[in-house]
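Here the structure comes first, spelled out in structure tokens, and everything after it is commentary.
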Amino acid sequence: MLLTMAALIAVGMAIYIVFPLLSAETAGGPLPLDVTVLSDLKRRRLVVYDNLKDLEFEFQSGKIAREDYEGMRTNYLGEAAGLMAATQDAELLKQDDAVVEREIAARRAQRKTPPKMEYTCAACGYENPLPVKFCGECGARIAGPRKKS
Ligand SMILES: [Zn+2]
């Protein structure tokens, strides 16, 4: 009894230790980087078109009965239509993503722009558009950048 329990615990611990290692290995397997929803849909569409071509060929060469051919053809065409619809959805989603990405990038850029400095001349009141030491209008010395509040 005690021995069986010890054996069970040992087996349990072995599974506990080994299993995560195995699953980590499969998870980190060589997945191609370019597998996206869109590329996967495209691949599946090409497979369906291939099947359609083969079907057409086999029907033309008299290997398939007409009703079998028509049934299978309808299936393939339905599948192709579904894949095309899914592709359109995925493309729209991708466009949405692009819009969101641009929005985020714009906001980040906005946050990064430094606060506006004022190079207004104390003597003549000219607002120098660039950081300058001397006024571009009257040549008076600019006291230095002041932070616009
Ligand atoms: Zn000035």
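The values are calculated or read from the model by the stated rules, or taken from the named source; none is laboratory data. What you see is a predicted model, and the numbers here were worked out from it, not measured in a lab. A quick note on method: Cβ atoms are made from the backbone with ideal geometry, for glycine too, and the neighbour counts reach across all protein chains shown.
Brief remarks on what is shown
- Subset of the range 70-88 (residues that are surrounded by 12 or more Cβ atoms within 10 Å (Cβ to Cβ) and within 16 Å of R43 (Cα to Cα)): Y76, L77, E79, A80, G82, L83, M84, A86, T87
- Beta carbons closer than 6 Å, at least 6 apart along the sequence or on distinct chains, never pair a first residue in the range 128-149 that is over 11 Å from E118 (Cβ atoms) and at pLDDT below 85 with a second that is outside any loop (DSSP other than H, G, I, E, B) and within 13 Å of the ligand (Cβ to nearest atom).
- From the options G78, G82, G62, G125, residue that is without any contact (Cβ under 8 Å) to a residue 12 or more places away in the chain and within 16 Å of the ligand (Cβ to nearest atom): G125
- Residue within the range 104-122 that is hydroxyl-bearing (S, T, Y), surrounded by 12 or more Cβ atoms within 10 Å (Cβ to Cβ) and either closer than 15 Å to K42 by Cα or touching a His at 6+ places or on another chain (Cβ under 7 Å) (or both) present: no
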